[in-house]
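Taking it in order: structure first as structure tokens, then the write-up.
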Amino acid sequence: MTEREGTSDGLSLAEATAIAEHAREGRLELDDPEIRRLVGEANRILVRTQMWGETPPTPRRRWKRRMLAIGAAGIVLVWVIGLLGPLLLKIAGE
């Protein structure tokens with residue numbers, strides 16, 4: 001089985017584009033809940049692609065973002081401790 005270049009939703013960008021276009025032109029029966037769900041999924045993929053580009057977020061990219069957020073939070077925490085630490089030590093010493 002070949003690995004598909006697509007999203008975690010299981011649709012590639014080309015498939016999502018085709019489904020959304022067919023739905024816009026009225027070729028799909030939107031009364032069926034499964035088709036309506038698939039059209040919604042295709043529209044989400046298109047919106048995500050328009051906002052973030054064609055490359056879907058990979059686990060490695062998510063890991064990098066998570067580490068960046070943790071690092072930034074650590075820097076802020078150290079700054080707050082450095083700012084309030086001497087004040088707390090002065091109050092505790094009195």
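The numbers here are math on the coordinates, done by the rules we state, and not lab data. Note that the structure is a prediction, hence the values are computed from the model and not measured. Please note: Cβ atoms are built from the backbone with ideal geometry, for glycine as well, and neighbour counts cover all protein chains shown.
Compute the convex hull volume of the Cα atoms of the chain, divide it by the residue count, and report the result per residue in Å³ as a whole number.
Looking at the chain, the number lands at 177 Å³ per residue.
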Check: Looking at the chain, which longest stretch skips every one of the trypsin sites (Lys or Arg not before Pro) that is in a DSSP loop with at most 12 other Cβ atoms within 10 Å, leaving the sites themselves out?
Finding: 28-94
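Report the gain in length on full extension from residue 60 to residue 92: 0.36 nm times residue separation, minus Cα-Cα distance, nm rounded to one decimal.
Result: 7.0 nm gained on full extension.
Say R0 is 30 Å: what FRET efficiency, to the nearest 0.05, do residue 49 and residue 70 get from their beta-carbon distance?
Numbers: r = 28 Å, r/R0 = 0.92.
Here the calculated transfer efficiency is 0.60.
Counting other Cβ atoms within 10 Å of each Cβ, which GluC sites (Glu not before Pro) in segment 9-86 have at most 10 and sit in a DSSP loop?
Working: sites: 15, 21, 25, 29, 34, 41, 54; in loops: 25, 29, 54.
Passing sites in segment 9-86 are 25, 29, 54.
Please sort through the DSSP H helices of the chain and keep those with an alpha-carbon extent of at least 27 Å along the long axis and a Kyte-Doolittle average not below 0.5. It would help to have the intermediate numbers written out before the result.
Details: long enough: 33-52 (28 Å, -0.35); 59-93 (49 Å, 0.83).
TM-like helix candidates: 59-93.
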